[in-house]
Amino acid sequence: MVMDKKKDAQSPAPAAATGLKKGLTNYGDIGFSLFLRKAFIKGAGYTDDALDRPVIGIVNTGSSYNPCHGNAPQLVEAVKRGVMLAGGLPVDFPTISVHESFSQPTSMYLRNLMSMDTEEMIRAQPMDAVVLIGGCDKTVPAQLMGASSAGVPAIQLVTGAMLTGGHRGERVGACTDCRRYWGRYRAEEIDAVEIADVNNQLVASVGTCSVMGTASTMACLTEAMGMMISGGASAPAVTADRMRIAEQTGTTAVAMAKARRTPDQILTGKAIENALRVLLAIGGSTNGIVHMTAIAGRLGIDIDLAGLDRMSRETPVLVDLKPSGQHYMEDFHKAGGMLALLRELRPLLHLDVMTVSGRTLREELDAAPPPFKQDVIRPFDNPIYPVGGLAVLRGNLAPGGAIIKQSAANPELMEHEGRAVVFEDAEDMARRMDDPDLDVTADDVLVLKRIGPTGAPGMPEAGYMPIPKKLAVAGVKDMVRISDGRMSGTAAGTIVLHVTPEAAIGGPLAYVQNGDRIRLSVKSREISLLVSEAELAQRAAAAPQVRPSAERGYRKLFLETVTQADQGVDFDFLRATETHDKVPRA
Ligand code: FES
């Protein structure tokens with residue numbers, strides 16, 4: 001249909017405007033606003049026919065600073081093809097792109113900024129639906145947070161996992177093997193030549209980390225929530241499958257625009273619950289909890305950590321991927337990916353939830369290809385770990401909760417009492433950890449303070465503390481480690497994270513001293529500081545903590561409004577104003 005040019009130029013945009021008529025710039029004359037907008041875009045060579053179609057925005061997070069998104073140009077082209085095949089007009093636009101290793105002080109510090117950028121650019125520009133191209137750890141949560149708040153039909157596309165490399169006959173991939181080799185280098189098991197050699201092999205192509213780290217976790221959870229096409233989570237970045245998924249994503253976006261299928265219709269309490277179930281069954285990243293809490297919080301849904309822990313006791317880990325298991329994402333894809341996993345979990349899932357396709361999860365699973373023999377996604381009765389990957393701990397050290405990835409911890413340390421060896425902050429740890437005079441033994445508990453949301457700031461992934469050099473050289477591979485920070489989803493060890501409230505705002509962690517006794521019992525979900533309440537109160541009175549602050553800019557906004565881990569580390573003013581659901585239900 002060709003637009004009536006005269007009418008478009010002179011009449012006001014209808015109330016429920018679509019396409020190019022949406023969200024007109026405010027010049028005080030609606031007709032002129034549309035006239036001007038069309039004049040400018042015609043400068044790029046568009047016809048009225050093209051401009052009369054549903055507009056599909058494509059968030060392009062390609063950046064030379066982000067190799068995890070190195071295939072973004074090809075993905076954008078494939079999405080555009082899909083949009084045009086379905087009769088839409090694709091329009092790509094940039095937002096902030098955040099890579100883990102190129103973000104100072106930490107990518108988490110920038111996640112909320114990226115979510116605001118995403119939300120406001122979706123709001124500001126005319127689009128009937130939006131394709132979110134993300135991948136690297138914080139990008140997918142940022143996009144889902146922003147799109148949920150913007151309320152425009154949205155579909156997620158991930159860049160896909162990198163390929164694995166090979167080092168002296170061994171298969172390697174980021175980033176579990178990065179940490180493993182670095183640990184071996186610190187322990188002087190390998191030399192400088194070998195660590196330099198393996199550095200060339202750990203990231204064998206563009207794409208996201210090749211294990212069940214945060215990027216893979218968020219990709220799987222997004223598919224589980226119905227915000228991605230079925231089968232869209234696992235295809236590696238450089239495969240034909242990934243390009244086909246991109247094309248289908250574009251096609252689906254046009255259908256979503258026509259049906260006005262907004263995120264709140266998909267991201268219901270039940271969908272969030274399905275995602276949490278999957279988080280446990282994949283041995284997913286601890287960061288997944290923080291991100292899911294933030295996404296759900298944008299839609300007025302609270303995540304109940306006690307409910308999550310109950311769910312964990314009845315949900316085995318079925319996916320045999322590093323760091324909990326042995327395989328890589330490309331193996332998961334060849335084994336059938338998320339559809340194969342969801343089929344195994346079917347009795348535990350809500351099947352009547354809507355997905356981006358307009359079909360329910362039940363319909364998607366009924367249409368899935370039949371199962372075949374493989375050894376990556378285990379049957380329910382033969383799990384790689386008998387309960388969920390994560391456990392929620394509480395006690396006087398973490399009144400607001402703490403998390404441990406039990407599937408990647410050392411079973412011998414999960415019931416442990418030891419003497420605290422305290423580092424006041426990350427700099428203190430960097431300065432003293434390798435000191436040969438450090439008073440530490442393998443039975444001690446390493447405590448790191450002030451790496452929480454306001455402490456570092458941005459809750460960096462420094463919770464994976466290195467083993468003190470003198471113990472590492474002596475062959476110690478794991479110790480109980482406790483902090484208010486996070487760790488990479490690719491890391492493993494007996495590591496207690498997200499201690500809430502954090503030390504920097506006066507949580508009990510702030511008052512732990514060298515030599516205090518600490519008890520960890522994963523069995524009874526306990527993390528306790530064996531110091532009397534009276535003594536702790538005395539320490540708090542002697543050294544009151546003042547919430548960190550800044551004078552200007554984003555840092556000021558961040559420090560004044562960031563919430564704790566149990567609220568997703570989102571800014572308080574970005575969360576929904578009302579809560580209407582709490583999951584998982586009892
Ligand atoms: Fe981007 Fe791991 S660094 S996904």
task = Please work out which one of (1) away from the ligand (no atom under 16 Å from the Cβ); (2) open to solvent by less than 10 Å² (accessible area, probe 1.4 Å); (3) within 30 Å of SER216 (Cβ to Cβ) is the condition ALA503 fails and give its number.
result = (3)
note = If you go through ALA456, ALA492, the only one that is at pLDDT below 95, under 33 Å from the mean Cα position of the chain (by Cα) and away from the ligand (no atom under 16 Å from the Cβ) is ALA456
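State whether the residues of the range 449-471 include one that is small (Gly, Ala, Ser) and more than 23 Å from PHE571 (Cβ to Cβ).
no
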query = Do we have SER107 as within 20 Å of the chain's Cα centre (by Cα), at pLDDT 95 or above, within 16 Å of the ligand (Cβ to nearest atom) and not acidic (Asp, Glu) here?
reply = yes
inquiry  = Looking at the structure I just gave you, is CYS220 buried (at least 24 other Cβ atoms within 10 Å of the Cβ), under 21 Å from THR164 (Cα atoms) and within 16 Å of the ligand (Cβ to nearest atom)?
reply    = yes
request  = Only residues that are in a loop (DSSP other than H, G, I, E, B), closer than 28 Å to TYR328 by Cα and among the hydrophobic types (A, V, I, L, M, F, W, C): list them for the range 276-311, please.
outcome  = ILE282
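Would you point out the residue of the range 180-213, among those that are within 12 Å of the ligand (Cβ to nearest atom) and under 21 Å from ASP478 (Cβ atoms), that is nearest to the chain's Cα centre (by Cα)? Steps first, please.
In the first step, residues of the range 180-213 are kept if they are within 12 Å of the ligand (Cβ to nearest atom); the result is 202-203, 206-213.
Then keep just the ones that are under 21 Å from ASP478 (Cβ atoms); that gives 211-213.
Values: VAL211: 14, MET212: 11, GLY213: 9 Å.
Among those that are within 12 Å of the ligand (Cβ to nearest atom) and under 21 Å from ASP478 (Cβ atoms), it is GLY213.
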ask   = Taking the range 538-586 on its own, how many of its residues are assigned to a loop (DSSP other than H, G, I, E, B), under 30 Å from LEU348 (Cα atoms) and either β-branched (Val, Ile, Thr) or over 21 Å from the mean Cα position of the chain (by Cα) (or both)?
value = 6
request  = Run LEU75 past the list (1) more than 25 Å from MET256 (Cβ to Cβ); (2) in contact (Cβ under 8 Å) with a residue 24 or more places away in the chain; (3) in contact with a helix residue (DSSP H, G or I) (Cβ under 9 Å, 6 or more places away or on another chain) and report the number of the one that doesn't hold.
outcome  = (1)
request  = Six or more apart or on different chains, Cβ under 8 Å: which pairs go from a residue in the range 548-559 that's exposed (fewer than 12 other Cβ atoms within 10 Å of the Cβ) to one that's part of a helix (DSSP H, G or I) and of a type outside the set (Asp, Glu)? Could you list them?
outcome  = SER549/LYS556; SER549/LEU559
message = If ASP137 meets every condition in (1) touching an Asp or Glu at 6+ places or on another chain (Cβ under 9 Å); (2) within 29 Å of ALA255 (Cα to Cα); (3) away from the ligand (no atom under 14 Å from the Cβ); (4) of a type outside the set (A, V, I, L, M) apart from one, which number is that one?
response = (3)
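Residue-by-condition table, conditions (1) closer than 14 Å to LEU279 by Cα; (2) among the basic types (Lys, Arg); (3) touching a residue at least 24 places away in the same chain (Cβ under 8 Å); (4) assigned to a helix (DSSP H, G or I):
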| residue | (1), (2), (3), (4) |
| --- | --- |
| THR315 | yes, no, yes, no |
| GLY325 | no, no, yes, no |
| ASP331 | no, no, yes, yes |
| ALA340 | no, no, yes, yes |
| ARG343 | no, yes, yes, yes |
| HIS350 | no, no, yes, no |
| GLY358 | no, no, yes, no |
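Yes or no, residue by residue, for (1) open to solvent by less than 10 Å² (accessible area, probe 1.4 Å); (2) out of contact with any strand residue (DSSP E or B) (no Cβ under 8 Å at 6 or more places or on another chain):
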site	(1), (2)
ARG277	no, yes
ILE295	yes, yes
LEU308	yes, no
LYS322	no, yes
GLN326	no, yes
ASP331	no, no
HIS350	no, yes
GLU364	no, yes
note = Going through (1) within 25 Å of SER312 (Cβ to Cβ); (2) touching a residue at least 60 places away in the same chain (Cβ under 8 Å); (3) not acidic (Asp, Glu) one by one, ALA335 fails only at (2)
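Residue-by-condition table, conditions (1) open to solvent by 20 Å² or more (accessible area, probe 1.4 Å); (2) in contact with a strand residue (DSSP E or B) (Cβ under 8 Å, 6 or more places away or on another chain):
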{"residue": "GLU77", "(1), (2)": "yes, no"}
{"residue": "GLU100", "(1), (2)": "yes, no"}
{"residue": "SER115", "(1), (2)": "no, no"}
{"residue": "THR118", "(1), (2)": "no, yes"}
{"residue": "ALA161", "(1), (2)": "no, yes"}
{"residue": "GLY165", "(1), (2)": "no, yes"}
request  = Determine which member of the set VAL531, VAL569 is in contact with a helix residue (DSSP H, G or I) (Cβ under 6 Å, 6 or more places away or on another chain) and either among the hydrophobic types (A, V, I, L, M, F, W, C) or closer than 27 Å to GLY288 by Cβ (or both).
outcome  = VAL569
key: VAL193, sole failed condition from (1) modelled with pLDDT of 95 or more; (2) open to solvent by 10 Å² or more (accessible area, probe 1.4 Å); (3) over 30 Å from LYS270 (Cα atoms); (4) touching a Cys at 6+ places or on another chain (Cβ under 9 Å)   = (4)
ask   = Does the range 60-88 hold any residues that are assigned to a loop (DSSP other than H, G, I, E, B) and within 16 Å of the ligand (Cβ to nearest atom), and which are they?
value = THR61, GLY62, SER63, SER64, TYR65, ASN66, GLY70, ASN71
remark   = Given (1) open to solvent by 60 Å² or more (accessible area, probe 1.4 Å); (2) in contact with a Lys or Arg (Cβ under 9 Å, 6 or more places away or on another chain), THR563 misses just (1)
request  = Give, as residue ranges, the strands (runs of 3 or more DSSP E) completely inside the range 381-451 that count at least 3 residues that are in contact (Cβ under 8 Å) with a residue 60 or more places away in the chain.
outcome  = 390-395, 398-405, 415-423
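Out of GLU412, GLU427, which single residue is open to solvent by 10 Å² or more (accessible area, probe 1.4 Å) and closer than 30 Å to ILE282 by Cα?
GLU412
Test VAL91 against the stated conditions and say whether it is away from the ligand (no atom under 16 Å from the Cβ), open to solvent by 10 Å² or more (accessible area, probe 1.4 Å), touching a strand residue (DSSP E or B) at 6+ places or on another chain (Cβ under 8 Å) and aliphatic (A, V, I, L, M).
Yes: the conditions hold for VAL91.
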inquiry  = For LEU24, only one of the following conditions fails: (1) farther than 26 Å from GLN248 by Cα; (2) at pLDDT 95 or above; (3) in contact with a helix residue (DSSP H, G or I) (Cβ under 8 Å, 6 or more places away or on another chain). What is its number?
reply    = (2)
inquiry  = Quick check on ASP439: is it surrounded by fewer than 24 Cβ atoms within 10 Å (Cβ to Cβ) and charged (D, E, K, R)?
reply    = yes
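The values are calculated or read from the model by the stated rules, or taken from the named source; none is laboratory data. Worth saying up front: this structure is predicted, and the values here are computed from it rather than measured. Here Cβ is always computed from backbone atoms with ideal geometry, including for glycine, and neighbour counts include all displayed protein chains. SASA here: full protein model, heavy atoms, side chains in, ligands and nucleic acids out. Shrake-Rupley method; radii C 1.70, N 1.55, O 1.52, S 1.80 Å.
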